[in-house]
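Everything below concerns the one structure shown next.
The values are calculated or read from the model by the stated rules, or taken from the named source; none is laboratory data. The structure presented is a predicted model; accordingly, all values stated were derived computationally and were not measured. Here the Cβ positions follow ideal geometry from the backbone for every residue, glycine too, while neighbour counts run over all protein chains shown.
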Amino acid sequence: MLFSTTTPEAKRTALRQMLTGPRIARFPGAYTPLSTKLIAEQGFDGVYISGAVLANELGFPDIGLTALPEVAARAGQIARVTDLPALVDADTGFGEPMNVARTVQELENAGLAGCHIEDQFNPKRCGHLDGKSVVDLATATKRIRAATEARRDPNFLIMARTDIRGVEDLTAATDRAKALVDAGADAIFPEAMADLSEFAAMRAAVDVPILANMTEFGKSQLFTAAQLEEVGVNMVIYPVTLMRSALGAMERVLATIAADGTQQAAVPEMLTRARLYELVDYNGYNQFDAGVFDFEVPGLHH
Ligand SMILES: C[C@](O)(C(=O)O)[C@H](CC(=O)O)C(=O)O
Ligand SMILES: [Mg+2]
């Protein structure tokens, strides 16, 4: 059935373990709770919950308009349907360090395996756009310290994201990453790295896992998982890929209906009813139901 059979604690341990190995962990962005099932079926290591997808789906640009309860609720809906660890985008932590502390606890309660907290000013921007600005180092480290002090499960992963590379040079990025690790970050998300050599430089600068963001139409080229693994990247996300693909398909089918007066030509591209029922596990629920109701009450035998 469509629920996680493992505890959040076990998923956090699994995430920690996969980040220590030589193999790169691949985390596609879950578009919705149900699409998480597709990710798991293809053998991916975990799921990512993108702030951009969450905001865009609500009809907002990704500029910090979503609030913690919305993000925790959606991330929790996604985490609950999968045994894979889920990493969520916590933007700037939704406020001051005390807000960051609450954020971490709400995300722990929602069953997440970890989150990333970035050093952008509010209002934040997409990491691959120009015109970003970052807070000073003291403010950035306070966010990370607040996050690590607030967690109750020591395995809940606190990843520090730095957006400084889009504003300053590579040395500024590696310096900041080192300082964020010193402040207690368990992992580093260096945003908007220009090329593979920059990932390699980041790898050399810190001794914690690092993440590569393979978002389309951004500042980084779309490197393969093998290329990233080669330079020592531990985890790769495809944050907006499923949403872009789904919206592209929606646009095409709507154009077909508008042009043809029927969706007939687009039906072969659609997920069939049978496949959909398989994804939501109608069978599993039926069997569960039958098991619950198929019993005999002692003393009621004829
Ligand atoms: C990773 C990211 O933070 C996200 O919210 O998914 C975005 C992705 C994007 O806008 O393409 C980012 O800032 O890179
Ligand atoms: Mg984001």
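Data overview
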| quantity | calculated |
| --- | --- |
| All positions within region 62-79 that are in contact (Cβ under 8 Å) with a residue 40 or more places away in the chain, within 16 Å of ligand 1 (Cβ to nearest atom) and not aliphatic (A, V, I, L, M) | ASP62, GLY64 |
| Number of the exception - THR82 against (1) within 16 Å of ligand 1 (Cβ to nearest atom); (2) within 16 Å of the chain's Cα centre (by Cα) | (1) |
| Candidate set from region 130-150 (those that are touching a helix residue (DSSP H, G or I) at 6+ places or on another chain (Cβ under 8 Å) and at pLDDT below 95); member that is surrounded by the most Cβ atoms within 10 Å (Cβ to Cβ) | LYS132 |
| Subset tally (residues that are among the basic types (Lys, Arg) and away from ligand 2 (no atom under 16 Å from the Cβ)) for region 199-223 | 1 |
| Count of region 80-97 residues which are free of Cβ contacts under 8 Å to residues at least 40 places away in the same chain and among the small types (Gly, Ala, Ser) | 2 |
| Single match in GLY127, GLY51 (criterion: within 18 Å of SER245 (Cα to Cα), within 12 Å of ligand 1 (Cβ to nearest atom), under 16 Å from the mean Cα position of the chain (by Cα) and not aromatic (Phe, Trp, Tyr)) | GLY51 |
| LEU65 being farther than 25 Å from ASP186 by Cα, in contact with a strand residue (DSSP E or B) (Cβ under 9 Å, 6 or more places away or on another chain) and surrounded by fewer than 17 Cβ atoms within 10 Å (Cβ to Cβ) | no |
| Restricting region 31-46 to residues that are away from ligand 1 (no atom under 12 Å from the Cβ) and outside any helix (DSSP H, G or I), the residue that is nearest to LYS124 (Cα to Cα) | THR32 |
| Any hit, region 75-90, residues being in the same structural domain as VAL181 (by TED's automatic domain parsing) and farther than 28 Å from GLN17 by Cβ | no |
| Residue within region 151-165 that is of a type in the set (Gly, Ala, Ser), surrounded by 18 or more Cβ atoms within 10 Å (Cβ to Cβ) and either over 23 Å from the mean Cα position of the chain (by Cα) or under 27 Å from ASN109 (Cα atoms) (or both) present | yes |
| ARG26 out of contact with any Ser or Thr (no Cβ under 8 Å at 6 or more places or on another chain), away from ligand 1 (no atom under 16 Å from the Cβ), touching a residue at least 60 places away in the same chain (Cβ under 8 Å) and charged (D, E, K, R) | no |
